[in-house]
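Visitor: Below is the structure I would like to discuss, written out as C-alpha cells.
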Amino acid sequence: MKKIGFLSFGHWSDHPSYQTRNAGDTLLQSIDLAVAAEEIGLDGAYFRVHHFARQLASPFPLLSAIGAKTSKIEIGTGVIDMRYENPLYMVEDAGAADLISGGRLQLGISRGSPEQVIEGWRYFGYEPAEGETDADMGRQKALEFLDKLKGDGFAEPNPNPMFPNPPGLLRLEPHSDGLRERIWWGAGSNATAVWAAENGMYLQSSTLKFDENGKPFHIQQAEQIRLYKEAWKKAGHQREPRVSVSRSIFALVTEQDRYYFGQQAKAADSFGYIEANQRAVFGRSYAAEPDELIKQLAQDEAIREADTVLLTIPNTLGVDYNIHVLSAILEHVAPALGWR
C-alpha cells in the first residue's frame, strides 16, 4: 500500500486554453480540487510555493481553507523555500492551519532553488550572515522553525502584561501538538537527505536531483532514499520515517488524454543545470495506456522505496479534468502495482 497525493504548482495565466485565468481562479479551484480528491479516495493534496511568479505563493491561507472543507485528506506543501520565511511567524501560521485541519498538515520545506528573480529573498528583508550562503541561511531558518515547533517556552514575559501569562517562559501560540513530527525536507542531494534524517524530518524527493554518479534518475533517487533510511535508523528516532517521490504520470484512457499527453510516452531522463556548476538529473514523465504504464512504473526503483507518491497535475486544465487524471491512476494503475 502507498499513499497517493497530487502536487499542484498552481499556475495561472490569461490564456484561452487555461481554466485558471487569474490567482483567484487558481486558489478557489485548488480548494475544490482537494475536496474532490478526498471524495475519490486520494490521500494527499500538496502545493508548490513560488515567489514573484503567477503560481501559488502563500500556502497557509490556502491550507487553512482546505482544512476547513475536508476531513481526511493530508494537506501539505512541496516545498516552502525557507530563505523567504520568518520562522517564528511561520510557526504561528502553521500551528493555526494544523489546528483548523485537525492535525492533517504535512509541511514540506527546503533551503530553496533558483527563483524568478535574482536573490528574491533579499526583497523580503533577509540576507545570509557573513561567511554563509543563502543555502546555509535556509537550513538555519529550518532548524529554528523545527525548534520553535516543539512548543517549549523561550520568551521572557512582560511583568505587567495586558493579559495574565502562564508561569515561566512563553512559547508561540497557537501551538499544535505533533506538527513537529510532520515536517518534510525537500532534498536535492544525498547529503541533504541524510541531514534531513538526522534532524527528524521526513523526505520529499522530487522529479529532479543533483547528478551524483551519472546513473538513471530513478536509480539515483532510490540510492538517496536508502541513505536517508539508514541515517534515520542510525539517529534513533522512535517513529517510522516517511518518503515521498513526485512523478508526472498519465494513464491514456480517453482521446483527450492522448491529445494532451500522448507525445510524452517516449520521454526519457535528461541532464542539465539548475544552478551554476551543479549538474542535475531530471526524471522522465510517464504517459501510456494503462497496461504499458504499469510495466514502466514497476521498473521505477525509487517509487518502490517510497511510501508516498505525489502525482504532479496540470492544474490549468481545471478541476474536472484533473479529477479524471487522478481517478484513472486510482482505477487503472494503482491496484496492479500494489499501491491500493
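The values are calculated or read from the model by the stated rules, or taken from the named source; none is laboratory data. Just so we're clear, the structure is a prediction, and the values are computed from it rather than from any experiment. Cβ sites come from the backbone with ideal geometry, for glycine too, and all protein chains shown count toward neighbours. Surface accessibility is based on the protein's heavy atoms, side chains included, excluding ligands, DNA and RNA. Shrake-Rupley method; radii C 1.70, N 1.55, O 1.52, S 1.80 Å.
Visitor: Can you list the helices (runs of 4 or more DSSP H) found entirely within segment 255-311 that contain at least 3 residues being over 20 Å from the mean Cα position of the chain (by Cα)?
Guide: 255-261, 290-298
Visitor: Quick check, is A280 open to solvent by less than 20 Å² (accessible area, probe 1.4 Å) and in contact (Cβ under 8 Å) with a residue 60 or more places away in the chain?
Guide: For A280, the condition - open to solvent by less than 20 Å² (accessible area, probe 1.4 Å) and in contact (Cβ under 8 Å) with a residue 60 or more places away in the chain - is met.
Visitor: Residues to consider are A68, A45; find the one that is open to solvent by 20 Å² or more (accessible area, probe 1.4 Å) and in contact with a helix residue (DSSP H, G or I) (Cβ under 6 Å, 6 or more places away or on another chain).
Guide: None of the others qualify; the one that does is A68.
Visitor: With (1) of a type in the set (V, I, T); (2) over 22 Å from the mean Cα position of the chain (by Cα); (3) open to solvent by less than 40 Å² (accessible area, probe 1.4 Å) as the list, and V245 as the residue in question, which single condition is left unmet?
Guide: (2)
Visitor: Going through segment 1-14 one residue at a time, which ones are in contact with a Ser or Thr (Cβ under 8 Å, 6 or more places away or on another chain) and assigned to a loop (DSSP other than H, G, I, E, B)?
Guide: Within segment 1-14, K2, F9, G10, H11, W12, S13 meet the criteria.
Visitor: Moving to a separate point now. Can you tell me which residues in segment 40-55 are within 14 Å of the chain's Cα centre (by Cα) and not in a loop (DSSP other than H, G, I, E, B)?
Guide: G44, A45, Y46, F47
Visitor: Hey, can you tell me all the residues within segment 201-219 that are in contact with a Lys or Arg (Cβ under 8 Å, 6 or more places away or on another chain) and more than 18 Å from L310 (Cα to Cα)?
Guide: F210, D211, listed by residue number.
Visitor: Could you count how many residues in segment 191-206 are at pLDDT 95 or above and open to solvent by 30 Å² or more (accessible area, probe 1.4 Å)?
Guide: Selection size over segment 191-206: 5.
Visitor: Every residue in segment 119-152 that is open to solvent by less than 40 Å² (accessible area, probe 1.4 Å) and assigned to a loop (DSSP other than H, G, I, E, B), please.
Guide: If the condition is that a residue be open to solvent by less than 40 Å² (accessible area, probe 1.4 Å) and assigned to a loop (DSSP other than H, G, I, E, B), then P128, G151 are the ones that fit.
Visitor: Do we find that A34 is in a helix (DSSP H, G or I), of a type in the set (G, A, S), under 22 Å from D307 (Cα atoms) and open to solvent by less than 30 Å² (accessible area, probe 1.4 Å) in this structure?
Guide: yes
Visitor: Now a separate question. Of the residues that make up segment 11-24, is at least one in contact with a strand residue (DSSP E or B) (Cβ under 9 Å, 6 or more places away or on another chain) and crowded, with 18+ Cβ neighbours inside 10 Å?
Guide: No: segment 11-24 contains no residue that is in contact with a strand residue (DSSP E or B) (Cβ under 9 Å, 6 or more places away or on another chain) and crowded, with 18+ Cβ neighbours inside 10 Å.
Visitor: So L107 clears everything in (1) open to solvent by less than 30 Å² (accessible area, probe 1.4 Å); (2) out of contact with any strand residue (DSSP E or B) (no Cβ under 8 Å at 6 or more places or on another chain) except one condition, right? Which one?
Guide: Among (1) open to solvent by less than 30 Å² (accessible area, probe 1.4 Å); (2) out of contact with any strand residue (DSSP E or B) (no Cβ under 8 Å at 6 or more places or on another chain), the lone unmet condition for L107 is (2).
Visitor: Next up: On the basis of being within 13 Å of S248 (Cβ to Cβ), free of Cβ contacts under 8 Å to residues at least 12 places away in the same chain and open to solvent by 20 Å² or more (accessible area, probe 1.4 Å), does Q264 make the cut?
Guide: It is false that Q264 is within 13 Å of S248 (Cβ to Cβ), free of Cβ contacts under 8 Å to residues at least 12 places away in the same chain and open to solvent by 20 Å² or more (accessible area, probe 1.4 Å).
Visitor: For segment 248-261, give me each residue that is of a type in the set (F, W, Y) and open to solvent by 40 Å² or more (accessible area, probe 1.4 Å).
Guide: The answer is Y259, Y260.
Visitor: What's the total number of residues in segment 82-115 that are in contact (Cβ under 8 Å) with a residue 60 or more places away in the chain, within 21 Å of L143 (Cβ to Cβ), outside any strand (DSSP E or B) and not acidic (D, E)?
Guide: Qualifying residue count for the region: 8.
Visitor: Let me ask something additional. So, of the residues in segment 77-89 that are of a type in the set (A, V, I, L, M, F, W, C) and closer than 21 Å to S8 by Cα, which turns out to be most open to solvent (accessible area, probe 1.4 Å)?
Guide: Among residues in segment 77-89 that are of a type in the set (A, V, I, L, M, F, W, C) and closer than 21 Å to S8 by Cα, the one most open to solvent (accessible area, probe 1.4 Å) is V79.
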